[in-house]
Ligand SMILES: [Zn+2]
């Protein structure tokens, strides 16, 4: 009888622990979903893309953009079809890692603002850039990579492309300062409608970075729009508005695209090519870049670990 009671007590304790652990796990997921949910729009802070409204200085009356789910939520669970972007016969390919960053800021601020997903600590970013510099890597622009693929030319040994998505203000306050320190090139993927919002770059910072010769810009739509869906007119509007604004403020030709949320489709690619775009970056992981998929090149998402752990 005593043995039975002991067994029952052990079973109850086990069930309690199991249930507790399950709640923690589910709680974590719920919390994560909420922190990026569009329902949080009541906050005037612009801590995540979902809280931000594109603003314009032009006299044009523009529609209110529809912001989707921020990409660091979408890209987490998107299954990658291995057959997408398989090299074809007689393809021209180069092994060039394209590193993806979003925010560069102290980890304490990332925690405070609930931005740890997609944020790399500025001191770690500094160490990562120091590593590239001391290991003989050449940082190149998105344009240099795409031109090499188009023209079937080579690139410096150990070429690497550093990309920062969305145009957060810390691309200027942290990443750009570190880029100057090591004389490395950065590529900023700008959603132009977010420029000037709280926590995002302003046009003067973009101009200054452009004039340094260290920073190259690509089109990331106007409102951070997932171009894999939507009407021809909407996609065209998003691409052309951002292109016009970036060209106006940077003086740089804008003919390379970066898909918000990694969302693309044959339709979007066709529109981009009609508009004169020569290359694009997806969120499909991989270091091999081929001419056959020049409109959906591969990238490697970087976090707070040493770059050697990402195969560099
Ligand atoms: Zn983005």
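No lab work stands behind these numbers, since they all come straight from the coordinates. Worth saying up front: this structure is predicted, and the values here are computed from it rather than measured. Here the Cβ is made from the backbone with ideal geometry for all residues, glycine too, and neighbour counts use every protein chain on show.
Taking other C-beta atoms within 10 angstrom as a stand-in for reagent exposure, 222, 203 fall in the order 203, 222, fewest first.
Relative contact order, whole percent, for the stretch 71-310 stands at 24, derived from Cα pairs under 8 Å and 6 or more residues apart.
Overall, the anisotropy analysis places the stretch 132-249 in the oblate class: the square-rooted eigenvalues a ≥ b ≥ c of its C-alpha gyration tensor yield a/c not less than 1.5, with a/b not exceeding b/c.
Model label sites at residue 233 and residue 288, defined 7 Å from Cα along the beta-carbon direction, differ in position by 4.3 nm. With a Förster radius of 30 Å applied to the beta-carbon distance between residue 107 and residue 180, the computed FRET efficiency rounds to 0.85.
For the stretch 170-312, rounded, prolate or oblate, judged on the Cα gyration tensor with a ≥ b ≥ c (square roots of eigenvalues), a/c < 1.5 rounded, else prolate if a/b > b/c? Taking the square roots of the gyration eigenvalues as a ≥ b ≥ c, the stretch 170-312 is oblate.
The Cα atoms of the stretch 117-171 give a gyration tensor whose axes a ≥ b ≥ c have a/c of 1.5 or more with a/b no greater than b/c, which makes the shape oblate.
Ordering 299, 150, 210 by the number of other Cβ atoms within 10 Å of each residue's own Cβ, fewest first, gives 150, 210, 299. Using C-alpha pairs below 8 Å separated by at least 6 residues, the relative contact order for the stretch 248-312 is 27 percent. Ordered by the count of other Cβ atoms within 10 Å of each Cβ, fewest first, 145, 194, 99 give 99, 145, 194.
Projecting label points 7 angstrom from Cα along Cα→Cβ for residue 95 and residue 240 puts them 4.3 nm apart. Computed over the alpha-carbon pairs of the stretch 71-310, the distance histogram in 5 Å steps reads 1, 6, 15, 19, 21, 19, 12, 5, 1, 0, 0 percent, short to long.
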